[in-house]
1. Going through GLU105, GLU110, GLU177, GLU153 one at a time, which residue ends up being assigned to a helix (DSSP H, G or I) and loosely packed, with under 10 Cβ neighbours inside 10 Å?
2. Could you tell me whether GLY143 is open to solvent by less than 90 Å² (accessible area, probe 1.4 Å), farther than 23 Å from LEU96 by Cβ and assigned to a helix (DSSP H, G or I)?
3. In the set LYS170, LYS124, which member is surrounded by 13 or more Cβ atoms within 10 Å (Cβ to Cβ), at pLDDT below 90 and basic (Lys, Arg)?
4. Suppose the filter is closer than 29 Å to GLU153 by Cα, part of a loop (DSSP other than H, G, I, E, B) and open to solvent by less than 10 Å² (accessible area, probe 1.4 Å); does VAL80 pass it?
5. Between a first residue in the stretch 136-153 that is under 30 Å from PHE22 (Cβ atoms) and a second residue that is open to solvent by less than 20 Å² (accessible area, probe 1.4 Å) and of a type in the set (Ser, Thr, Tyr), which pairs have beta carbons less than 7 Å apart while being 6 or more apart in sequence or on different chains?
6. Anything in the stretch 59-77 that is of a type outside the set (D, E, K, R), within 21 Å of GLY163 (Cα to Cα) and either open to solvent by 20 Å² or more (accessible area, probe 1.4 Å) or more than 10 Å from the chain's Cα centre (by Cα) (or both)? List them, or say none.
Amino acid sequence: MYYIVGMEIKKLKDFAGIKTGFTFRDSVELRPELSGLAVIQVRNVVNNDFKDLAYTDKTDFKSNNILTKGDVLVTSRGQVRAAVYNERAKAVASNLLFIVRPNTEFVLPEYVALLINSDLVQKKLKRLQDYSTMAALSIKALGELEIPVLTKEKQKELVLFAGLATKQEKIFSELAELNKKLMNGVIKGALNG
């Protein structure tokens, strides 16, 4: 990773609690109704979508298993992805996710997720994964990940910039799709007319 001289570098474990999600004995089912407790799964993090959730009727969770706003959820298998849980629904994370609870006095959760999803950190995480059967990241390796700690103002700027870049990317993709439909309409009209 590239760092600026004089930039403070800390290991993730130095400013965040990290734990594994909950291991369920039975499978959880995807139900549209909002009864029971929501279960965040890998697909929710990969797609950064917390709308289509699975639910469990299990209620005897310890309070530290319940997600809190600002928890960073990190996938532990395959390509490592991160997303910030900012939903109001009471939820737990499945055991294929790590829950990173950053100390917001030092770092913004969105900044941690942004760094984990960045190409530079992705390359580093790929080297840290165990490939004995399937690419898997250990909780220890995640905790050892070095993070540049910028001022909160700089973190906010980076997160804002990344959000705008993502929106721009989505707009360009939608525009390309509309151009394709327009061109197909013109060609169809020319061939029929």
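The values are calculated or read from the model by the stated rules, or taken from the named source; none is laboratory data. Remember, predicted model here, so these are calculated numbers, not experimental data. Because the Cβ atoms are built from the backbone with ideal geometry, glycine has one as well, and the counts that use them run over all protein chains shown. For the accessible areas, the whole protein counts, side chains as well, though only heavy atoms, and no ligand, DNA or RNA atoms are used. Shrake-Rupley method; radii C 1.70, N 1.55, O 1.52, S 1.80 Å.
1. On the way: GLU105 fails: assigned to a helix (DSSP H, G or I); GLU110 fails: loosely packed, with under 10 Cβ neighbours inside 10 Å; GLU177 fails: loosely packed, with under 10 Cβ neighbours inside 10 Å.
Selected residue: GLU153, the only one of GLU105, GLU110, GLU177, GLU153 that is assigned to a helix (DSSP H, G or I) and loosely packed, with under 10 Cβ neighbours inside 10 Å.
2. Working: open to solvent by less than 90 Å² (accessible area, probe 1.4 Å): yes; farther than 23 Å from LEU96 by Cβ: no; assigned to a helix (DSSP H, G or I): yes.
No; evaluated as a whole, the condition is false for this residue.
3. Details: LYS170 fails: surrounded by 13 or more Cβ atoms within 10 Å (Cβ to Cβ).
Among LYS170, LYS124, only LYS124 is surrounded by 13 or more Cβ atoms within 10 Å (Cβ to Cβ), at pLDDT below 90 and basic (Lys, Arg).
4. Values: closer than 29 Å to GLU153 by Cα: yes; part of a loop (DSSP other than H, G, I, E, B): yes; open to solvent by less than 10 Å² (accessible area, probe 1.4 Å): yes.
Answer is yes for this residue.
5. Pairs found: ALA136/SER76; LEU137/SER76.
6. GLY70
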